[in-house]
Amino acid sequence: MGTHDDRRHGTPPPGWGQVPAYGPPPGPGVPPGYPYGPGPYRRPTNTLAVLSLVMAFVFAPAGLVLGIVARRQIRQTGEEGDGLALAGIVVGAVACALVVLLVVLWVVAVVALAGVSFAP
């Protein structure tokens, strides 16, 4: 038959060289693919900072207050999350300002229309 039938199973075709052997299984220590071990310790993120940003979109005054409290805590504890707390303060303050502006415009419109007579 041809050269295909003469070769044993698992033998590479001519010109391919030897099949590389696998090394021994890794021992205890750092698993392969992680040459430097675990990364450096990261400070935890302040929970109130995360809540302030979330609450700024749900209930703006709560987001504003939580952001202020979170920034005070972050200054004392050194936790991460100062940017989140600041974003909660800004979003909460802008949302509160828009609500106040809408209420003022609504009151002005009601007062202006109260003096208008719709009778013919």
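So which of Gly81, Gly88 is of a type outside the set (A, V, I, L, M) and in contact with a strand residue (DSSP E or B) (Cβ under 8 Å, 6 or more places away or on another chain)?
On the way: Gly88 fails: in contact with a strand residue (DSSP E or B) (Cβ under 8 Å, 6 or more places away or on another chain).
Just one listed residue meets the conditions, Gly81.
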Of all residues in region 72-119, which are β-branched (Val, Ile, Thr) and under 20 Å from the mean Cα position of the chain (by Cα)?
Ile74, Ile89, Val90, Val91
For region 95-120, what are the residues that are hydrophobic (A, V, I, L, M, F, W, C) and either touching a residue at least 12 places away in the same chain (Cβ under 8 Å) or not in a helix (DSSP H, G or I) (or both)?
Ala95, Cys96, Val99, Val116, Phe118, Ala119
Given the criteria under 13 Å from the mean Cα position of the chain (by Cα), closer than 27 Å to Val100 by Cα and modelled with pLDDT of 95 or more, does Val65 qualify?
no
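The values are calculated or read from the model by the stated rules, or taken from the named source; none is laboratory data. Keep in mind that this is a model prediction, so the values were computed, not measured. Neighbour counts run over all protein chains shown; Cβ positions are idealised from the backbone, glycine included.
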